[in-house]
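The values are calculated or read from the model by the stated rules, or taken from the named source; none is laboratory data. The shown structure was predicted, so the numbers you read here are calculated from the model rather than taken from an experiment. Here the Cβ is made from the backbone with ideal geometry for all residues, glycine too, and neighbour counts use every protein chain on show. These area figures cover heavy atoms from the full protein model, side chains too; ligands, DNA and RNA do not enter into them. Shrake-Rupley method; radii C 1.70, N 1.55, O 1.52, S 1.80 Å.
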Amino acid sequence: MNGVIKPITVSDILAKKRAGEKIVALTAYDATFARLLDQAGVDIILVGDSLGMVIQGLDTTLPVTLEETIYHTRCSAQAISRALLVADMPFMSYQASVEQAALNAGRCLKEGGAQAVKLEGGEEFAPTIHKLVAVGIPVMGHCGMQPQRVREYGGYLLQGADEVQAERIVRDAHAVASAGAFSLVLEKIPRALARRITNELRIPTIGIAAGPDCDGQILVSYDMLGLADQFKFRFVRRYIEGAELIRKAVKEYGEDIRAGKFPSDKEAF
Ligand code: KIV
């Protein structure tokens with residue numbers, strides 16, 4: 001029937017891999033952005049803990065709290081009709097125990113309105129993923145460079161460049177998939193490694209800084225729209241220079257006010 005929008009489910013995301021259809025994912029943190037991305041046909045909207053950087057202006061994602069994640073997920077959920085909404089579990093909201101993870105992931109669904117959660121980690125989180133999936137919480141994994149491990153890495157460094165690291169990431173990816181995750185983000189690993197994991201897994205891989213061979217791609221929307229133009233990353237393609245457009249519009253607004261041109265009589269009551 002025309003005009004009826006069918007929401008994307010976890011099974012649809014799995015089916016896309018089987019059909020060889022690429023998956024389109026972006027981050028959002030509020031209703032306005034979530035609505036625009038949804039209307040533009042994005043398959044997965046992630047309320048990333050990148051909100052620490054792009055919304056809160058921090059250097060890392062580590063201080064982001066579960067309450068903040070739930071708040072931004074709820075803001076985004078209001079506006080989405082089609083995309084699958086995934087809440088990113090923040091640092092120390094799932095690491096302490098399987099029970100803690102289940103309770104907090106449950107809150108992302110109950111209070112945030114998410115359809116799934118994402119969590120960073122490999123083999124060590126297989127029991128956690130297994131538990132969440134067992135109680136009906138779909139999980140997106142996240143292997144390779146894990147921003148919540150920035151203190152361990154000493155920076156947001158490429159992972160998997162040597163054989164030992166690469167084999168570890170392959171093992172992690174298999175463990176996450178075997179535990180029941182419905183998809184897996186691969187971040188900042190060599191293209192060949194992402195291709196190998198993508199070929200070996202039956203669940204879709206969603207790449208960021210992992211080359212073009214993944215089953216889908218994700219970027220932080222503020223990067224891709226050129227809003228966070230203080231950063232320039234090799235793996236980001238800017239589809240508009242959003243920051244420049246906003247500065248220009250705001251400058252014109254200021255000029256109009258100062259010149260007495262805004263508001264006009266037509267814009268008054
Ligand atoms: O926090 C985030 O936005 C993410 C994606 C970029 C994968 O984890």
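The set of residues from region 57-71 being within 14 Å of the ligand (Cβ to nearest atom), open to solvent by less than 10 Å² (accessible area, probe 1.4 Å) and in contact (Cβ under 8 Å) with a residue 40 or more places away in the chain comprises Thr61, Thr69. Residues in region 142-168 that are touching a residue at least 40 places away in the same chain (Cβ under 8 Å), within 16 Å of the ligand (Cβ to nearest atom) and part of a helix (DSSP H, G or I): how many? Total satisfying the criteria: 3. Restricting region 7-23 to residues that are open to solvent by 50 Å² or more (accessible area, probe 1.4 Å) and assigned to a loop (DSSP other than H, G, I, E, B), which is nearest to Ala79 (Cα to Cα)? Looking at residues that are open to solvent by 50 Å² or more (accessible area, probe 1.4 Å) and assigned to a loop (DSSP other than H, G, I, E, B), I get Pro7. When region 115-137 is filtered for residues that are open to solvent by 10 Å² or more (accessible area, probe 1.4 Å) and either within 16 Å of the ligand (Cβ to nearest atom) or outside the structural domain of Ala105 (by TED's automatic domain parsing) (or both), only Phe125 remains. For first residues located in region 19-31 and within 25 Å of Glu68 (Cα to Cα), partners that are among the basic types (Lys, Arg) and more than 13 Å from the ligand (Cβ to nearest atom) and lie 6+ apart or on another chain with Cβ distances below 9 Å form the pairs Ala28/Arg35. Of the helices (runs of 4 or more DSSP H) lying entirely inside region 191-269, those carrying at least 2 residues that are more than 16 Å from the ligand (Cβ to nearest atom), not small (Gly, Ala, Ser) and not assigned by TED's automatic domain parsing to the domain that holds Val47 are 242-258. Per the listing Ala40, Ala34, Ala96, the residue uniquely away from the ligand (no atom under 13 Å from the Cβ), of a type outside the set (Asp, Glu) and open to solvent by less than 60 Å² (accessible area, probe 1.4 Å) is Ala34.
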